[in-house]
Structures are given as structure tokens and as C-alpha cells.
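Readers should treat all values here as calculations from the given coordinates under stated rules, not as data from a laboratory. This one's a predicted model, so the numbers in the text were calculated from it and none came from an experiment. Neighbour counts run over all protein chains shown; Cβ positions are idealised from the backbone, glycine included.
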Amino acid sequence: MARVGVFICHCGENIARTVDCARVAEYAATLPGVAHAVDYRYMCSDPGQRLIETAIREHGLTGVVVASCSPHMHEVTFRRTVARAGLNPFLCEMANIREQCSWVHEDREAATAKACELVRLMVEKVKWNTALEPIHVPVTRKALVIGGGIAGIQAALDIANGGREVILVEKGPSIGGHMAQLSETFPTLDCSQCIMTPRMVEVKNHPNITLYTYAEVEKVDGYIGNFAVTIRKKARCVDEALCTGCGECQSKCPQGKLKTSVIPNEFDLGLSRRPAIYVPFPQAVPNVPVIDKEHCRYFQDGKCGVCQKVCPAKAVDFTQTDQVVTEQVGAIVVATGYDVMSSGEYGEYGGGRYPDVIDGLQFERLLSASGPTGGEVKRPSDGKVPETVVFIACAGSRDRSHGVPYCSKICCMYTAKHAMLYKHKVHHGQAYVFYMDIRAGGKNYDEFVRRAIEEEGAVYLRGRVSRLYQKDGQLIVKGADTLSGQPVEIAADLVVLATAIQARPGSDALAQMLKVPYDGYGFLSEAHPKLRPVETNSAGVYLAGACQAPKDIPETVAQASAAASKVLGLFSMEQMEREPTVSVVNERTCIGCFDCERVCPFGAIEHREIRDRRGNLLKVVSHVNEGVCAGCGACATTCRSGSIELRGYTDEQVFAQIAAVGV
Amino acid sequence: MKLGSVAREKTRSGFLAEVRRRSGTNPADCYQCGKCTAGCPLTFAGDLDPARVMRLVQLGQRDAVLQSRTIWLCASCETCTTRCPQEVDLASVMDALRIMAREAGLTQAAREVAIANAGLLGSVKSRGRVHEMMLVLQQNLRTLHLFRDAEKGPVLMLKGKMDPLGHKRGARDQVRRLFENVARMEAAERAASTTPRCACSDEGGEA
Amino acid sequence: MSYAYFPGCSQQGMAAEFDRSARSVCDRLGIALSEIPDWVCCGATPAHATSHLLSIALPALTLAKVKDADAVATVCAACYSRLRIASHELREDAELRARVKEAAGVECAGEVPVRHLLDILCNDLGVAAIRERVKRPLAGLKVACYYGCLLMRPPKVVAFDDPENPRVMDEVLAAAGAECVEWPYKTECCGASLSLARPDVVCKLANDILREARDAGAHVIAVACPLCHTNLDLRQADVARQYGVRYEMPVLFFTQLLGLALGVPEKGLGLNRLIVSPKPVLEKLAAA
């Protein structure tokens, strides 16, 4: 005979305002199988929990119902409470009489009646509850980091320094990401490459880090602690072991002749040209070139092979093919970063027709000593030093009509930096900044923007630009200054658009592969916007950097370190414990139709062969991988032979609840 | 313009809500970026720039908006509507404001435009189509610019561009009934709505 | 394709040459236009500045007369805009349809698409077909194609081309052999309906447009709207008085230029009706 205890929480006034808790307790006491019922002001408080513990011992309870808030809030609390009193934690259930009752009703009588009913339903369920034991899953203590920008580098180094192995996969030929392209960083004006390259070198030399560049993650199987990752290492056509990085190949490549090359240099965002065999930038890690087959003469018409002939190390190998490797890892950090919206998206800003309308990243290259102009600000069309530069903030951001509705967060700061660095390089030049609001929340950020205005003489105009057009070698910018209510027209030599920060193309496909939710713009979603900012709803997958939302460098590094600490926390155990509320298949009745496999969103269904003692195959049935199963119950409701049940939510439990409705 | 009573006026007059209802676009969406002001070909001629008009609508400044010249100088070129990052249809807002100003009898700021509009519609009402020459003559008479563009008359006649005998006409009876029906329907709709016709009239006791 | 043709009021008066040249060009190109019987004025800007209902009901009266046509063809950008917006709103808004029915006494659901002749030339006929029929290519003629405001705006309702950098007219006239210049004022407003009430304002806008066309090296400006035409052609004398610049810039309807290339006799194009005569430019061209 069941002996259920019912504990009604007032939650201060939250529940008691609309629900007569004493009456609910009185009612609960009359229910068959209920041995004890009581109400209390805060059941989650220490005295409240002690109330439950004492009652379990004194009344010899076999099940507990706590009627209070959502299980999202305190299920863990109360299950631990009953465990302390010697009861299996899964014999404790919560009836939600706050979010689903007191908060959404006003009529006290009706709300009290509903609370009674919710309690009755849960009492009926608890009578069918059985003791469940946690599942233990082994953990592979090795991490995968996807993306070799500053986020991926920081996460990889932190995990590796924590003593665990890391595989770092980068799509491009070198690690470094966008940060390697930047000139100087706000608000301190540190040289970006100077602070970045030591980290890159550390990655390369770290004994715990395996670096795969020019490689992509193709497939992810498995689950937290036990992922199997398939990685495609694209053919560089240069042997990494033999190459000494002497650079002879790229200097001799006939496609790379300064005057004739047509291949846009991606690292300079198309502002310069490069050879077909190339290292993206001098400090690249690894310092090993790749052959761009699309533009290589050897691959296009079979006639060239100069690089192979001149290579003193005999490292060039045209026959190299893609290699596919599989790695076992226990955790995954996604650090795929961002892209900037193309400056050609805006018809009214020239639609990409004007060479002297560039985006912020391109301007970084013009400022950078390693850039196409050697750090001199010269405009792309004719190499003239621009004497008037117009910066347009929010070009695509906060624009639900032409661009994206969100704020890209970093543009206010980098635009102030651009105006400042331009003034440092072109003393007689004048910078104008069209802005809507200045968002400079951050340590020393607002001071930095004020400095651009007060000391560096940048003229800030509060308004958007309606359009710009080319005339007589200049760009006529038609904007407004809403502070004075005047239209403003500026003849500029160069226009820099702070275009919107966007998710990497293909981030949605990656998110689907990892089963991580993502928003309408392709940014990956964290598990909770405040309390779980680096975790995802896919256990064992963590986020770092701008793949989650636009971020600046300090924020990105902080998030990367946070993700690394989560990974190290997971790796602190050889086995991890999971809740046992997963599906289980009755192998005797399973008919092997595998409808469950088709509906399972987590890929948790496996095939299991049933053989007799002689080894003859009798049938193939479904088997639930407890490590992967998320306990959603889709399989249980789909199974036509009724062979699957979800532990903690069995048919008996659910039907008992349904049968108790409206009694 | 007094902004001391912004909040009260905004809630009391419901001006913002009325503009929203009549224009089919929400002026509250405007975040004052000024792109409309920057692109408006007529900013130079108006007394308020378009962004300012939107701001005053948001603040419920009915009289300042309806008495402004700007709403009449708007050429309905839709540049603002096309480029607005918040997808506010400013051209529709300007239409709504002109209609409200006319209803409230506040067309003094741009008499000439109001006369031109009435002139064209009068021509359509009586003939089904526009008679351009009549339009010019009427405009000059009513605005007392008797000789404006007078030198163009002979040239236009010579080129056959002005035909004193008028154009063909189209479906006159249908059109006349249409005008009458619209006037009747809108009068009924106005009577049904409780919105005051002119803010000036209910301003009195507050001062 | 069969087109129900809406000429528009101006094309019966000030801009009769637009109507005449459009008919001639369509005739040459095998585009069959049948005029909508007893059509009425679209209401233009004064209607929508006075009453929303009126601005939809007037075009609805005309649109309801369209029978058995694939599309309504317009030449005037303003008429095009008003008819197209009315048809769009009638399609979307059932309540408006009912009010319009009460006001105009006709039912109109906006089902027949309203299209501009440039759209038809480019997208139904195709520029290749135009090129084939060109008899006297406009070789050496530099044209600034002026689209004005209403042809491309608002893009949610009207756009059949890029609203910031439209190409249709450029493509049609390039097919006619002309050299279309790149210039920045393709879609700037000329002041349109303010011509009557505020000629001073219109002069400033016209001066800007004429200056940019001249600076871009254009011999002539091509337009697709009678209001633009008046403001740019007729107002050049006022511009000269107000700004002291005499442009002598011929302003032609695009149909007139196309007609010249297709070999339409001058009588069918009404070139003599233009205030700034295109004769000197065209004669120089013929001599070269």
C-alpha cells in the first residue's frame, strides 16, 4: 500500500495569493494512499526541506509530491531532499501550481480547485513511480575545437594547459581568424598581430594540441563524453612534414606576378592579389602553403609545375588527395566566428559598384603594416591618400528593411578606432562618422570614443546616410545630422561601411550536425541566455565567440575560457552520471520496424541483433543508447507494438494521471 | 512649440494612434535615424525635416505637425519609404497628415498646394479627366499669381500642348457619383469616430 | 499577350507626343494595345493627399472596365504608380474592396496586373527583339535615362528593377543603339506635382537633375513620365532665369527615342512638340 506525502508550498504570496494552500493540503489528506499532507510558506527553504525529510521518516512515506513551482526550478532540490531521507529520488514528483495555476488565474476558488486537481493527478502518478538509478557513461577526455580564430585558440590552449588533449580544426590554411587581419585593437591600440601571434605559435608547439588546418568537420556521431568525429583534411598538395616554409614556390608561381595576378587575396579581402600556391600571411601557422587548384595552371591545363621544380625540399605533391580521419572526443567547442555583410548589399551605397566604398575589415587591412599598402592609407581605386573619409556605422545593422534588426555590437568601437588611426596616419585628413547611437559600454570604451571626438578631431554626425554616388573621382555622401535637423552633404575620397556582423555561411548546417539550436540569423543558441551562456542544449557541445552572437575580443576570450572550464569540469570524471529518464525497449515484443529510429531527433536508436545460443540470427530489434537519449518520448508514442517506454513516464504512470482527471 | 506637456498631450489627444490608423504604418517604429531627412529632395524647402515630423507625431504635437509647410511640400516621391530601415511608410504618414490638416482646416501653411490639389480634383470630378490648361488658369486666379508662367502660354499653344477646347472626357456621371459617395462615406465615418477634428478646440481649459 | 492600354490625362494634352510615340513604337514592335473604353483619371497625388478612399476608388473605376486582357499597360510613371498601388491594395484588403464597391459602384479585386511599358518591352518582348527591329541605330547619342521617383518606388509594390540603380530604360535604349551614360540622378525626384503650386522649388530640383546629366556628358535626357517631362523640358527657361544656367538639354520620352531608332516617321513621334528642340543634336548625329 502506497504511503504518499503531499507538501503544498505557498511560495510566499506567489501561490498563496490565489490558491488557498491550507485547503489544498486538507483536500490532499483525504486522497486514497496519501499518508501525510501539509502546507508551508517556503518549501524550498531549509526548514521546508527538513519538514519533508522528517515526514518521510516519521510517516514511512513511499512517495512524495511537492506542489509548488516548475520542476525546472526545484526538482533537483526536492529530489536531493528525499534522497537524504533515504528515499529513491525518482519517487519524488512536483505538481506545478505556480506557473500553471496561481500565476495565470485570478479567481481564487477556481484556482484552488485546479491546484487540488493538479495535486490529485500527481499523487496518482507517484503511486506508480519506481526507484531508478542514475546512468553512468564513460567519458573520452579529449576535446574537439572547431575554428582556429581567437576563440578557438583560447579554448584549445586553456583545455590543453588543463592537461587534456585537444584537436583543433581550422577550415582555412592557417589559424588566426579575423583577429590576425586586424591592425590595432580598441581601446588600448595594441597591435593585433603582436598579441595574437604568440598564441598561434603556442598552439603549434603545444604537446596536447593536434592541429588540423585546411580541414573541415564532416560528421559528428555519438553523445556527450563519446563523440566520433569525422574530419576531412583537404589536399594541400604540399607535404607538411617536408616543407620548410622557405617561400620559394609562391615567389616563383607564374599566377602570382604582381601585375598579372587575378586571384583575389582573401586575407586582404580582395584588396590585393596572390599566387596560386600561397601562405595566407607571413606569420601563418602552419607556415606551409596550399595550392588553390581552381587557379593553379597545373590543375587547370596540366602545363606548369614550376613550384614543384623550384621546391628545394621536394614538398610539392600534385597527387595528394583529401584524407578523412575519425577522432574520438568527449566534448566539442564550437568557435566558428563571424563574417561581415558585404558592402555590396546596399543599393543606395553603390551596391558594390564603387571601388572606394569598402567595409570595416578591408579598412583594417589598409591600416595594417602587413596589408596591401604596407600600412599607408591609400584608396583602392587609384592609390591616392584619402583626405576626407566618411565612416558609416550601422550599415546593415539595426535595419530590418535592408539588413538585420540586431545591433552588431562592435562597430561603434572599431569605427572610433578607425577614425583615430586614420588621423594618426593622415594628419591633414578629416574623418566624418555617421552614427545613430554610440554604444560604448565596456571598460575604457566610452573614454576611447570621446578621445576620437575630442582629441583626434573626428566629426560625429548623428544620422544615417540616405545614399552616396560617385562624381569626379569623389564619393558624394548625402546624410543628415538629426541633432541640428539638417541634411549634410560630404564629398569624400573614401567611404568605410561598418557592415553588419553575420554568422558564418554554413553555420546552420554545422548546428544541425551538432544538434544545436540556432536563431534566424544562423547564430548558435546558448542553453540559457543568462545562466548557461556557453553551454548548448546538445549535451557536451559548448560555444565560444561570435558564432553565438556578435562579440568583441575580450568577450570572446572570456567566453572561450568559460567553455574550456566547462570542458575541463566534464573531463574531471572518468564517468559521468546522467538522469535515468530515458527510453527502454522491450526486446521480446519489438517487431523491428524502426519507426522509432525515424522519429528520434537525437539518433539514439541502435539496431541490436538477437541470436540463439548457436549464433543464429533470430531478429533485429531497436536498442536505445542511454548516453544519447534525451528522454523526449517520441519513440514511445510512435512504437506500434507498444514496446518502448520512457522511464519515469511509463504508460501506467501517464494513464493513472489521465484517469484521475475530473474525478 | 511647447514640449512641457508631452506625455499628457500624447495620451490625451491620441494623435499618434490616429496617424497610425489612417496611414497604416506605425510612427512609433521611427528611431530617428534621419535617413529620410538625408534623402528627401524637399528638405531644403520645408519648415520641418521629415524626421522631425515623425518625432513630433510621436510626441503628440498635433498642431505643430498639421500646421507645418513640410507636409504639403512632400512630393510623394517615396524615397523615404523606400529607404527607411524601420520600414515606416513615411509617404503614407504625410498623406494622412495632409488629410487630417485639411479636415481641421489647417491648410494656411501651403495654400498654393492645397489649391492645386483641389483644382485637379475639381477637374476630374467635372470631366472624369484632367484639363491641364484650365488647371493653370484656375491656379493663377486663386493664388493671385495672375501672370505666373504667362509667357509659356503662347509657346505651349504653338506647340499644340495647350488646347483651349479641352480634352476628351471619361465616364463623367460615374465619376461624379464616386466623388459624392466618397464624401458621404467619409463624413459618416468621421461622425462615427470620437476623435476631435481639431486639437485647438479642446486645448482651451488646459492652459 | 494582350494589353489594355491606359493613356492617362497628360497624354491627351501636354504630353500627347508620349501617347502618340508609344502607340507608334508598340505598333512597330507588334505589341497590341487596346485602349480601355471610357477610362478616368487616376487621381494622381492630389487624390491620395486628400482621401485614401478616393485614391483607390478612382483607379478602381478604370480597372473594373478591363475585360479579357493579360495586363493593363501604362506609359506615365505616375498613372502606373497609382493604378498599381490601387490594384495591390485591392488584392490585399477585403474591407477596402467593399468600401470601394460602395463608393465607385463597381467591383474590382485588382486581379489584372498593372504594368509599365518599359517592363513590357524588357520582360515580355525582350531587348533582343527590339535590337532586331532597329532600322536607324542611335549610334553616338549619349542618353541620360531618367526614371524619376514613381517608376521604381515603393519597391514593395512596383519594382520590376533595382530601385536604386534601375537598368530597364538603359537596356531598351542601348538596344536602340544609344550610349546610356552612368549618372547619379536616375531616381531623384523632380518635384512632380509641385510644378503648378511651387515652380521655384521645382526649378531647384530640375536644375540639379539637368546639371548632373550634363556633367555626365549626356546629349539628351530620356524620361518616362509627363510630369518629369514638363519639369525638365518646359522649366529650362525658368531654371536659366533662377540659376543663370542655360542647358539647352533636349528632354525626350523614351518612346520617342526608341521610335526614331525603329524608323517611325517624325510625325508619329511628335518631336516638334518639345520645347527644347532635339533637332540640333539629332542632325549632328546624322551628319557624323
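Sorted ascending by nearby beta carbons within 10 Å, beginning with the fewest, A:281, A:602 become A:602, A:281. For segment C:136-259, a Kirkwood radius taken over Cα pairs fed into Stokes-Einstein (4 °C, viscosity 1.567 mPa s) yields D = 89 µm²/s. Of the three principal axes defined by the Cα atoms of segment A:529-616, the extents in descending order read 63, 29, 22 Å. With the alpha-carbon atoms of segment C:3-117 aligned to their principal axes, the span from lowest to highest coordinate is 43, 29, 20 Å, starting with the largest.
The value for segment A:4-126 of Rg(Cα) / (2.2 N^0.38 Å) is 0.94. What ranking of B:43, A:589 emerges when the number of other C-beta atoms within 10 Å of each C-beta is taken as an exposure proxy, fewest first? Arranged by neighbour count, lowest to highest, B:43, A:589 become A:589, B:43.
For segment A:90-187, averaging the sequence separation of C-alpha pairs within contact (under 8 Å, six or more residues apart) and dividing by the residue count gives a relative contact order of 23 percent. In the neighborhood of residue A:51, defined by Cβ-to-Cβ distances under 14 Å, what is the net charge if each Lys or Arg adds +1 and each Asp or Glu adds -1? Around residue A:51, the surrounding residues sum to 0. In terms of its Cα atoms, the protein assembly as shown spans 111, 89, 68 Å along the principal axes, sorted from long to short. Counting only DSSP beta bridges with both residues in the protein assembly as shown, the antiparallel share comes to about 45 percent. Using only alpha carbons, chain C has a radius of gyration to Kirkwood radius ratio (Rg to Rh) of 0.97. Segment B:7-106 has equivalent-ellipsoid semi-axes of 19, 15, 12 Å, by the square roots of 5 times the alpha carbon gyration tensor eigenvalues, sorted largest first. Legend: calculated FRET efficiency, residue A:239 to residue A:99, from the Cβ-Cβ distance at R0 = 60 Å, rounded to 0.05, equals 0.45.
Throw me the Rg/Rh for segment A:235-320, computed over C-alpha atoms with Kirkwood Rh, two decimals. With Rh from the inverse mean 1/r over Cα pairs, Rg/Rh is 0.93. Over segment C:68-142, all Cα pairs binned in 10 Å intervals from 0 give whole-percent P(r) values of 17, 34, 26, 13, 9, 2, listed from short to long.
Counting every Cα pair in segment A:339-502, what percent are over 29 Å apart? Looking at segment A:339-502, the distances longer than 29 Å represent 10 percent of pairs. Restricted to Cα atoms, segment A:601-660 shows a radius of gyration and a Dmax of 14.5, 49 angstrom. What separates the Cα centres of segment C:45-68 and segment A:347-425 is a distance of 47 Å.
Computed over the alpha-carbon pairs of segment A:64-199, the distance histogram in 10 Å steps reads 10, 22, 15, 12, 18, 18, 5 percent, short to long.
For residue A:352, what charge total do you get from the other residues with a beta carbon under 15 Å from its beta carbon, if Lys and Arg give +1 and Asp and Glu give -1? My count for the surroundings of residue A:352 gives -4. Placing +1 on each Lys and Arg Cβ and -1 on each Asp and Glu Cβ, with no other charges, gives the protein assembly as shown a dipole about its Cα centre of roughly 2080 debye. Over all pairs of different C-alpha atoms, segment A:249-384 has a mean inverse distance whose reciprocal, the Kirkwood radius, equals 17.7 Å.
Cross-link partners for residue A:114 among the aspartates and glutamates, with Cα-Cα distance under 19 Å and sequence neighbours closer than 8 places in the same chain left out: A:13, A:20, A:26, A:39, A:93, A:99, A:106, A:124. Legend: calculated FRET efficiency, residue C:200 to residue A:476, from the Cβ-Cβ distance at R0 = 22 Å, rounded to 0.05, equals 0.35. Mean per-residue shielding of peptide B:83-90 is 6, counting Cβ atoms of other chains within 10 Å of each Cβ. Each Lys or Arg adds one and each Asp or Glu takes one away; over the other residues whose Cβ falls under 11 Å from the Cβ of residue C:197, this sums to +2. Please work out the ratio of the alpha-carbon Rg of segment A:385-426 to 2.2 N^0.38 Å and round it to two decimals. Here the answer is 1.38, to two decimals.
Among the listed pairs A:478/C:156; B:125/B:168; A:378/A:425, a Cα-Cα separation exceeding 19 Å is found for A:478/C:156. For the pairs B:159/C:267; A:409/A:566; A:443/A:566; A:142/A:566; C:142/C:186; A:125/A:515, note any where the Cα-Cα span goes beyond 24 Å. Correct reply: A:409/A:566; A:443/A:566; A:125/A:515. Residue-normalised convex hull volume from the C-alpha trace of chain A: 219 Å³ per residue.
Shown for C:41, A:629: other C-beta atoms within 10 Å of each C-beta, ranked fewest to most, produce the order A:629, C:41.
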